[in-house]
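These notes concern the structure reproduced below.
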Amino acid sequence: MSEKILTLIDTSPLYEIELEKYILDSIFTTSYFMVYQEQIDSSTFEIVGIEALARLNFRNHTLSPNLFIPIIESSHHIHAFGLFVIENIFKDLVTIHEKYGEKIKVSINVSPLQLINPNFPSNLEKLLRQYDVNPQNIVLEITENIKIADFDVILESVTTLRAIGVLIALDDFGVSTASLMFILNLPIDIIKIDKSLIALINEYKFNVVIKSIIDIAKISNVHVVAEGVETIEQIIKLQILGCNIVQGYFFSKPDKLI
């Protein structure tokens, strides 16, 4: 059964204190778990990838990363938590390969704070070896909320990660004024057009913006994934614009493997 996810339950100060304590106390426990959302080639209906998404159980609710990731980042536990998540995904790969085949690409969200940790590439490489994972089937998704001051450090980290063999995706593309700078200056393999743009694809000016993103990606030899696709009309318009790889509720919601 697909998840019912909550981003906010209560805004009272007491609740927020309790929630923050629970988020931090639960790190490295089974209260955190993974769900996966399929990525589809809309021209063939083939499943070409899945995105791994962390969730947290709290009071019989499923909490969104939008709630717990900022708290973990501010507590300086993000490096250890990020590796914990990656290791759990690697443990799931046996089941993933049974369900989707061994060539399926698995996308993993990575905080910019993980990328500025100089030990992250070597720690990831150790996990890849430990679980005998083909790095070419792993996609690390980084968001656009990269601080310009950290750009050089992240550039070095991304370059090292690609040398290891993993692919790099720029997530939530199009919501930041720095979008163009990132696609032109970071060695990335994939951009994921943000769902807020896809939701407005029927409006002429946003259709033009999406087409421009796809055209720039093609010139840069970068693949494109459209996020948040919920209607057949959006799929048709994306196909016309040259984007066939889609992810969203139209095809599947994030769900547990079993």
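Values quoted throughout were computed directly from the atomic coordinates according to the rules given, and no laboratory measurement underlies them. Computed from a predicted model, the values in this text were never measured in an experiment. Neighbour counts run over all protein chains shown; Cβ positions are idealised from the backbone, glycine included.
With the simple spin-label model, which puts each label point 7 Å out from Cα in the Cβ direction, the Phe206 to Val175 separation comes to 1.3 nm.
Taking 19 Å as the cut-off, no amide N atom of the stretch 181-195 comes nearer than this to a point 7 Å along the Cα-to-beta-carbon line of His61. Here the stretch 47-192 is assigned +1 on the Cβ of each Lys and Arg and -1 on the Cβ of each Asp and Glu. Its dipole about the Cα centre then comes out at about 300 debye. Computed over the stretch 43-156, the percent of Cα pairs more than 16 Å apart is 65. Tell me the label only: which of (i) 18.1, 52; (ii) 19.7, 64; (iii) 17.6, 55 is Rg and Dmax of the Cα atoms in Å as calculated from this structure? Comparing each candidate, only (i) matches the computed number.
In what order do Ser64, Ser122, Ser75 fall by count of nearby beta-carbon atoms within 10 Å, going from fewest to most?
Numbers: Ser64 17, Ser122 10, Ser75 13.
Going from least to most buried by this count: Ser122, Ser75, Ser64.
Potential lengthening of the chain between Phe33 and Asp215 amounts to 61.8 nm, from the contour at 0.36 nm per residue minus the alpha-carbon distance.
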